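Undergrad: Following this message is one structure expressed as structure tokens.
Where a number appears in this text, it was derived from the coordinates with a stated rule and is not lab data. Since the model is a prediction, treat every value here as computed from it, not as a measurement. As a convention, Cβ positions derive from the backbone with ideal geometry for all residues, glycine included, and neighbour counts pool all protein chains shown.
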Amino acid sequence: MMASLCAEEKKTFKIIMVLWNGSTLLEEGFVNYLKSKEVSVDIQTLDCQGDRAKCHAFVTDIKRIQPDLITIWGTPALQEIAGRLDQAKENYIWDIPIIALIVSDPVRTGIIAALDRPGRNVTGVSHLAPIEAQLNALLLYKKDVKTIGAMYNPDEPNSKIQVENLATLAEGKGIRVILLPVPMIDHKPDSDHLCDVVEKAASLKADFIYIPADTFLSKHAPIFINKAHELKIPTFAATESLYWHTKPMLGMFSHFFNVGMFGGAKAFDILVNKQDPGTMPYEKLSRFSIVISRSAYESMGISPPLTLLKFAEIRD
């Protein structure tokens, strides 16, 4: 019995990381946690490069490799690899544990049955702060907000869900939310017209532009965030990835490294403690950061209140 136990402890687990568009601090946090637990892993990455079709083609590779566990970055990749509950199982991965990371609403996007008990081979960690907390942070920065322009990508259901939730909550506070979908060309979001969306927000007198967690919007953030600030419209970011290539004025979220660490803890429970992902809650971290960009607010002349500066993270 002791010999078999030692053999199990020395096992090297095979993990496939499905990236949406390159590696991030998310994967670093995930690996860091497993290293801290001295878990031996052989990691292979598959990069979708922002292409759903390429991502879905990885299903064949994964079935051939038969890893012990898969991590998946973002809703589009999760939909293409894991599939929805109403899709044919044979076209997706149902027999290998999956940890979904940076997926904001796996229930309403049809991936799992419930957050507390997913009911299939998928569990994971969300990075989103509660929408109500995000809205309160926005209003703490600028109390006189009457209209919010909420951009979203129609190709990512989670993106629309976030802005609809924001609209419902804001309405209860007497705030109008204008939904601003990204234009679609050939059934794909079009980055060439993102500035037009911002100009529409300006014409409708938006006091703030809200940007949800969305892989497309994160990738093209400099285009429209710089335009918004040029037009003196402050921006709110619901995800850290919007800060990678530009500087939204305000944001609230869990840092990707910490999300990855939490994902690593779930991987440990699945690989070492033999827990069933179908019974493991899909969770959020309990702590979130408020991030303020100094250069953004100085360029627009909208300084944050002292109460917010006491606990916010200030970035230049």
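Undergrad: Treating the Cα atoms of the stretch 122-163 as identical point scatterers in vacuum, please give the log10 of the normalised Debye intensity I(q)/I(0) at q = 0.19, 0.24, 0.25, 0.27 Å⁻¹, two decimals.
TA: For the stretch 122-163 at q = 0.19, 0.24, 0.25, 0.27 Å⁻¹, log10 I(q)/I(0) is -0.74, -0.98, -1.02, -1.07.
Undergrad: What size of dipole, in debye to the nearest 20, comes out for the stretch 30-142 about its Cα centre when the only charges are +1 on Lys and Arg C-beta atoms and -1 on Asp and Glu C-beta atoms?
TA: Dipole magnitude for the stretch 30-142 comes out near 140 debye.
Undergrad: For the stretch 151-256, what value does the Rg/Rh ratio take when both radii are computed over Cα atoms and Rh is the Kirkwood radius, given to two decimals?
TA: Answer for the stretch 151-256: 0.93.
Undergrad: Can you list which of the trypsin sites (Lys or Arg not before Pro) found in the stretch 276-316 are DSSP loop residues with at most 14 other C-beta atoms within 10 Å?
TA: ARG287, LYS310
Undergrad: Just in the stretch 183-219: which trypsin sites (Lys or Arg not before Pro) are loop by DSSP and have at most 16 other Cβ atoms within 10 Å?
TA: Sparse-neighbourhood loop trypsin sites (Lys or Arg not before Pro): LYS205.
Undergrad: Relative to the longest principal Cα axis of the chain, at what angle does helix 256-271 sit, 0 to 90 degrees, rounded to 10?
TA: Relative to the chain, helix 256-271 is tipped by roughly 20 degrees.
Undergrad: Kirkwood hydrodynamic radius for the chain: how many Å is it when counted over pairs of different Cα atoms?
TA: 20.3 Å
Undergrad: Can you find, among LEU115, GLY264, SER203, the residue farthest towards the positive end of the dipole of the chain? Put +1 on the C-beta of Lys and Arg, -1 on that of Asp and Glu.
TA: So the residue we want is SER203.
Undergrad: How many percent of DSSP beta bridges within the chain run antiparallel, rounded to 5?
TA: 15 percent
Undergrad: With Kirkwood's inverse mean 1/r over C-alpha pairs for Rh, give me the Rg to Rh ratio of the stretch 197-245, two decimals please.
TA: Ratio of gyration radius to Kirkwood radius: 0.94.
Undergrad: Now, a different point. Would you mind giving the three semi-axes, in whole Å and largest first, of the ellipsoid equivalent to the stretch 87-142 according to its Cα gyration tensor?
TA: Each semi-axis is √(5λ); the values are 31, 10, 9 Å.
Undergrad: Please state, as a whole number in µm²/s, the translational diffusion coefficient that the Stokes-Einstein equation yields for the stretch 204-301 at 37 °C and 0.692 mPa s, with Rh defined as the Kirkwood radius across alpha carbon pairs.
TA: Once the numbers are plugged in, D ends up at 216 µm²/s.
Undergrad: DSSP loop (so not H, G, I, E, B), at most 15 other Cβ within 10 Å: list which GluC sites (Glu not before Pro) in the stretch 116-206 pass both filters.
TA: none
Undergrad: Work out the length of the dipole vector of the stretch 116-241 about its Cα centre, built from +1 on the beta-carbon of each Lys and Arg and -1 on the beta-carbon of each Asp and Glu, and round it to the nearest 20 debye.
TA: Approximately 360 debye in magnitude.
Undergrad: Jot down the radius of gyration and Dmax of the stretch 1-121, Cα atoms only, both in angstrom.
TA: 15.1, 48
Undergrad: Could you list ASP47, ASP316 in order of exposure, starting from the residue whose Cβ has the fewest other Cβ atoms within 10 Å?
TA: Ordered from fewest to most neighbouring Cβ atoms within 10 Å, ASP47, ASP316 come out as ASP316, ASP47.
Undergrad: Ok, one more. Compute the long axis of helix 52-65 from its Cα atoms, compare it with the longest principal axis of the Cα atoms of the chain, and write down the angle in degrees, 0 to 90, nearest 10.
TA: Helix 52-65 sits at roughly 20 degrees to that axis.
Undergrad: Also, quick follow-up: Based on Cβ point charges of +1 for Lys and Arg and -1 for Asp and Glu, what charge dipole magnitude is obtained for the chain about its Cα centre, in debye rounded to the nearest 20?
TA: Here the size comes out at about 560 debye.
Undergrad: Hey, if you put +1 on the Cβ of every Lys and Arg and -1 on every Asp and Glu Cβ in the stretch 166-282, which of ALA213, HIS187, HIS255 ends up farthest toward the positive end of that dipole?
TA: HIS255
Undergrad: Could you tell me how many degrees, from 0 to 90 and to the nearest 10, lie between the Cα long axis of helix 221-230 and the main elongation axis, the longest principal axis, of the Cα atoms of the chain?
TA: 20 degrees
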